[in-house]
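All of the numbers you see were taken from the coordinates with simple rules; none came from a lab. This one's a predicted model, so the numbers in the text were calculated from it and none came from an experiment. Every residue, glycine as well, gets a Cβ built from its backbone with ideal geometry; the counts of neighbours run over all protein chains shown.
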């Protein structure tokens, strides 16, 4: 995994923030675009470059005093001359006061070939009669002008879709209004998450693992939820955790933090922690935007 430069610098809160996502087909652009959509970005895929200024102008009309966030996907499906026009269009937008950020999603050729073979997807350039290897090489040539000016290059070769989604979500949460919350579940036996701001230990709660009918399921499944919701200790644990977070999260928000990661662990990371993460996320989604979930042992 490699990156160039840091996440975008957030300027005046009323500014328009534009993220242009591009890169190799199969590199994760669609996943990244959905992660930004979760962060309340206005997202459009495969937009002609010439229409970019009009899109920014259209979605930023009205709602004065609020930050506007736009994300656009651009790839090799666009005509080559359209892609070559992108640097000039981004310069034009910057002159107009738009804070634009170009992300290039890269991936090793051998991994791209493996991903295509596993999904049976067709490469966008395969219609030209090119082999997959030749199509990837041609795509790199066509996209070189964009990769050379990218503010950030992300190599997704060693990531799964969930890891990429999480990287984008946490890296660009600062472009959104308010505090973004990431709730993640994990198994203590596989170690603590390195990026956790808070860790809650749910191993003291009744464990569905010991019920043979519940063992293959996860905390997202109805029978496991029903079991845990029938346990008074679980309800007490959730209420105490939510009460503590309700009291302290505003302090982080007042300190201009852009995101906070709350981790809940249990022994196997499949039942109790997953249930609590989903329940906490639902609790906070009723109160605010920018609430994300990640289940480390399920992904």
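Restricting the calculation to Cα atoms, the chain shows an Rg/Rh of 1.02 when the hydrodynamic-style radius is the Kirkwood one. If you average the C-alpha positions of segment 215-292 and of segment 29-101 separately, how far apart do those two centres end up, in angstrom? Value for the Cα centre distance between the two parts: 34 Å. Relative to the longest principal axis of the Cα atoms of the chain, helix 161-171 runs at roughly 80 degrees.
Measure nothing fancy, just the Cα-based angle from helix 272-285's long axis to the longest principal axis of the chain, in degrees from 0 to 90, nearest 10. Rounded to the nearest ten degrees, it is 60. Stokes-Einstein diffusion for segment 16-175 at 37 °C, viscosity 0.692 mPa s, with a Kirkwood radius from C-alpha pairs, works out to 203 µm²/s.
Remark: 204, 107 ranked as 204, 107, counting other beta-carbon atoms within 10 Å and listing the fewest first. Springs join every pair of Cα atoms under 10 Å in this Gaussian network model of the chain, and among 212, 87, 48 the largest mean-square fluctuation is at 212. The long axis of helix 232-254 is offset from the longest Cα principal axis of the chain by roughly 40 degrees.
Over all orientations, segment 180-295 has a Cα convex hull whose mean projected area works out to 7.0 square nanometres. Against the empirical curve 2.2 N^0.38 Å, the C-alpha radius of gyration of segment 237-286 lands at a ratio of 1.23. In this label model, residue 131 and residue 201 are separated by 5.7 nm, measuring between points 7 Å along each Cα→Cβ vector. With a Förster radius of 35 Å applied to the beta-carbon distance between residue 287 and residue 46, the computed FRET efficiency rounds to 0.50. A helix-only calculation puts the chain at -12000 deg cm²/dmol for mean residue ellipticity at 222 nm, using -39500 (n - 2.57) for each DSSP H run of at least four residues, averaged over all residues. Using a Gaussian network model of the chain in which every pair of alpha carbons under 10 angstrom is joined by a spring, one finds that among 163, 54, 84 the greatest mean-square fluctuation is at 54.
Among 171, 23, 97, the residue with the largest mean-square fluctuation in a Gaussian network model of the chain, with springs joining Cα atoms closer than 10 Å, is 97.
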